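Taken together, the values in this text are just the output of simple stated rules run on the coordinates, not laboratory data. Keep in mind the model is a prediction, meaning the values are calculated, not measured. Cβ sites come from the backbone with ideal geometry, for glycine too, and all protein chains shown count toward neighbours.
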Amino acid sequence: MIKIKQFKIWISGKLTPVDYLYILCNTDNLKDTATFYYALHNEINGEIGNLVANGNLTMSGVDYDGFNSNEYAINWVASQLKITIL
């Protein structure tokens, strides 16, 4: 889990805080695309809490051409989601 700058999203009629980002590379064809699963969690009593939202993002083109490390992938996912990593 990666600690992020908290933001709030609207879920079921209320604003829900998001504090953590989890990323997993689902697939990488080692040629031109990689798909990443992401999960956003809140924080409860100083610990990782509930799943708030999740989804998949596919990296391709010039973004994939630059994919050379986990840090690159993490920063790419965060930028796609407009999330600030702490």
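With bins 5 Å wide beginning at 0, the percent of Cα pairs of the chain falling in each bin runs 3, 14, 26, 22, 15, 11, 7, 3, 0.
Stretching the chain fully between Glu47 and Asn68 yields a gain of 4.5 nm (0.36 nm per residue, less the alpha carbon separation). Okay, which of region 23-61 sit inside 13 Å, backbone N to the point 7 Å along the Cα-Cβ direction of Ser79? In region 23-61, the label zone of Ser79 (backbone N under 13 Å from the point 7 Å along Cα→Cβ) covers 59-61. To test your reading of the geometry: what angle, between 0 and 90 degrees and rounded to tens, separates the Cα axis of helix 70-81 from the longest principal axis of the chain? Long axis of 70-81 versus the principal axis of the chain: about 60 degrees. Each label point was placed 7 Å from the Cα along the Cα-to-Cβ direction; for Lys31 and Leu86 their separation is 4.2 nm.
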